[in-house]
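J.: Questions regarding the structure given below will be posed in turn.
The values are calculated or read from the model by the stated rules, or taken from the named source; none is laboratory data. Fair warning: this is a prediction, and the values are worked out from it, not measured in the lab. We place every Cβ from the backbone using ideal geometry, glycine too, and count neighbours over all the protein chains shown. Surface areas here come from the heavy atoms of the whole protein model, side chains and all, with no ligands, DNA or RNA. Shrake-Rupley method; radii C 1.70, N 1.55, O 1.52, S 1.80 Å.
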Amino acid sequence: MSHHHDHALKIADLTVSYARIPALHHISFEVRCGQCVALLGPNGAGKTTLLKTLAGLVNRESGTIHFHGREVKGATPDIAYLPQRGQIDWDFPTTVRGLVEMGRYLRLGWYRTYGADDDRAVNLAIEAMDLGALQGRQISALSGGQQQRAFLARALAQEAHVLLLDEPFTGLDKPNQDNLKATLRKLRAQGKLLLVSHHDLPSVAEIFDRVLLLNGELIAAGPTAENFTDENIRRTYETSVFSGV
Amino acid sequence: MISEMLQHDFMRRALLGGMVLGFTNGFLGSFIILRRMALMADALSHSMLPGLAIGLMVAGLNAGSLFIGGITAAFFVAIGSMLLSRGSRLKEDTSLAILYTFAFSVGAVLLQSIPPTQVELKHYLFGNILGMDNADLWITWGVALVVIPGLLLLQRPLVLTLFDPAVARSQGVAVGAMQIVIVVASVLTMISSAQSVGVILMLGLLVGPAATMYLITDRFPVMLWGGAVLGCLGTLCGLLLSYRFEGIPSGAAIVIILFSVFITAFVFGPRYGLVAKIRKSRHMHDESLKRWHRHPGE
């Protein structure tokens, strides 16, 4: 899982509409591997839409996405999307290990045999997310924080460089939140690019080194210290979504 | 008893056909349950009725006419409900309910107009596995040889779709196509089951074994193959039962056997069974009491 910190994700002039009503309007920004980026904005600002567009789940009206110099058109193993907790069937008959193994399917295709390399990648991912003792458990028998780590391990087994996380802190208690913060730091240190939608403003500076302030259009993007300012926060949260300005 | 059974030609055919049928249904059942399609499968099984009736009227009572009639009707309803829900704000369950009840009504009306000498059609409602002829046998084996290898070949994209359609799509899986694969496999399997367990009871054979395994295991492959083996053995036991007690129709016997296995798993399942749950909650209660005594006030 070697990483070059110069892998860049470039989004240029991205517009996405639902039934002709624009949800994201002419968004352009660039982020790099080794960054932990908060996606901030009020409800309906397009945070989930942006993540889903990057994951190839939503069709774009215009704009391009490039990762490491290559245009991203549909699904790619380089980018992993972690859905909100509520979307998952927790009673699905799979253990933690089975879930992590699913991360290999994309690289394996339909019928190439699951081999030693795959097993190694799965073991590494399980170790990295500290799930060794839990790998035989059914996924509903995990705590909320452990469930997050199991899905992160699946993304690691997929050997994704970009991890898209939709509100991962929602519904976690304090110890699990702290644990997830530590996990995100670890993944960033490994050179992953983390794009995380987030709604708890007080914790932003502590967790994220970069922010994207979104309100239908991009209000500000860049290092947290310079961009997470009162002025930008006010502009993001106080104007009605998509004022057209 | 078995060696005595095997002396009858019709019984040999029933065993050969029934066990394969049970295997196919039990195998497919895992996909149906995890995709939450049990009721859709039920709707499709009922929607075959007008096709069976028309096949009977046009080409007489033979496996081919009923196969083609049933399959056509089920596909009309399946595709029609998809079009109806895509072309309006109706959700798919609603459009399916509208169409399959209509299809079943048409079937009921058509059945009225068929001369009573051809009462064998009632076997297609309740099943008559002992009446399987060679053509039925061929259909059963043919369907098994299409459905099982097909689902195995597509197992990875299917599992991703079943587990989380959104993520599957983000991984490049054609989720819509996978759903269609499951529907097609269901229709084929149901048609091959119509003769032996009947339109009304086939859902028990389809869903019962996989539901039982779902209560026992946390591993998808175990659920898949376990359901298949259970479906096969359940059919065998059902046949033995109906052979031993002549009054019991074979289809009903099979479903009753499968249900008793299901209830056993529901009550005594090692991890998710009723007894295990009660024991576990009592155990947890004891644990917290102990902890309280060790560190009161925590």
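J.: Quick check: anything in region B:128-147 loosely packed, with under 15 Cβ neighbours inside 10 Å and within 14 Å of chain A (Cβ to nearest Cβ)?
T.: no
J.: Given the residues B:TYR243, B:TYR214, which is the only one that is more than 18 Å from the chain's Cα centre (by Cα) and in a helix (DSSP H, G or I)?
T.: After applying the criteria, what remains is B:TYR243.
J.: Hey, another quick one. I'd like to verify a number: residues in region A:83-99 that are more than 8 Å from chain B (Cβ to nearest Cβ), in a loop (DSSP other than H, G, I, E, B) and touching a helix residue (DSSP H, G or I) at 6+ places or on another chain (Cβ under 7 Å), how many?
T.: 2
J.: Restricting to helices (runs of 4 or more DSSP H) lying wholly in region A:147-245: which have 3 or more residues that are surrounded by 17 or more Cβ atoms within 10 Å (Cβ to Cβ) and among the aliphatic types (A, V, I, L, M)?
T.: Answer list for region A:147-245: A:174-189.
J.: Taking B:MET40, is it touching a residue at least 12 places away in the same chain (Cβ under 8 Å) and under 19 Å from B:VAL147 (Cβ atoms)?
T.: yes
J.: Moving to a separate point now. Which condition does A:LEU51 not pass, out of (1) closer than 23 Å to B:ALA174 by Cα; (2) without any contact (Cβ under 8 Å) to a residue 24 or more places away in the chain, if it passes all the others?
T.: (2)
J.: Okay, moving on. Can you work out which of the residues in region A:61-82 that are over 15 Å from the mean Cα position of the chain (by Cα) and within 14 Å of another protein chain (Cβ to nearest Cβ) is farthest from B:LEU160 (Cα to Cα)?
T.: Result: A:ILE65.
J.: Look through region A:100-118, keep the residues that are more than 10 Å from chain B (Cβ to nearest Cβ) and in a loop (DSSP other than H, G, I, E, B), and return whichever of them is surrounded by the fewest Cβ atoms within 10 Å (Cβ to Cβ).
T.: Applying the filter and picking the extreme gives A:THR113.
J.: Yes or no: region A:36-46 includes at least one residue that is within 12 Å of another protein chain (Cβ to nearest Cβ) and open to solvent by less than 30 Å² (accessible area, probe 1.4 Å).
T.: Let us first name the residues in region A:36-46 that are within 12 Å of another protein chain (Cβ to nearest Cβ), namely none.
Taking every residue of region A:36-46 in turn, none turns out to be within 12 Å of another protein chain (Cβ to nearest Cβ) and open to solvent by less than 30 Å² (accessible area, probe 1.4 Å).
J.: Give the number of residues within region B:238-273 that are open to solvent by 80 Å² or more (accessible area, probe 1.4 Å) and at pLDDT 90 or above. Can you show your working first?
T.: Within region B:238-273, the subset open to solvent by 80 Å² or more (accessible area, probe 1.4 Å) is B:244-246, B:256, B:259, B:266, B:268, B:270-271.
From the residues that got through so far, the ones that are at pLDDT 90 or above too are B:256, B:259, B:266, B:268.
Summing the residues that are open to solvent by 80 Å² or more (accessible area, probe 1.4 Å) and at pLDDT 90 or above in region B:238-273 gives 4.
J.: Same structure again: So which residues in region A:118-130 are farther than 16 Å from A:PRO77 by Cα and among the acidic types (Asp, Glu)?
T.: A:ASP119, A:GLU127, A:ASP130
J.: Now for a different question. Among (1) part of a helix (DSSP H, G or I); (2) open to solvent by 20 Å² or more (accessible area, probe 1.4 Å), which single condition is A:ALA125 missing?
T.: Tallying (1) part of a helix (DSSP H, G or I); (2) open to solvent by 20 Å² or more (accessible area, probe 1.4 Å), A:ALA125 fails exactly one: (2).
J.: Now for a separate question. Determine if region A:76-99 includes at least one residue that is small (Gly, Ala, Ser), surrounded by 19 or more Cβ atoms within 10 Å (Cβ to Cβ) and more than 22 Å from A:GLU167 (Cβ to Cβ).
T.: Checking region A:76-99: at least one residue is small (Gly, Ala, Ser), surrounded by 19 or more Cβ atoms within 10 Å (Cβ to Cβ) and more than 22 Å from A:GLU167 (Cβ to Cβ).
J.: For residues that are open to solvent by 10 Å² or more (accessible area, probe 1.4 Å) and modelled with pLDDT under 95, tally how many sit in region B:223-236.
T.: Qualifying residue count for the region: 1.
J.: Still on this structure, please answer the following. Taking region B:165-179 on its own, how many of its residues are outside any helix (DSSP H, G or I), at the interface with chain A (Cβ under 8 Å from one of its Cβ atoms) and surrounded by fewer than 20 Cβ atoms within 10 Å (Cβ to Cβ)?
T.: Result for region B:165-179: 1.
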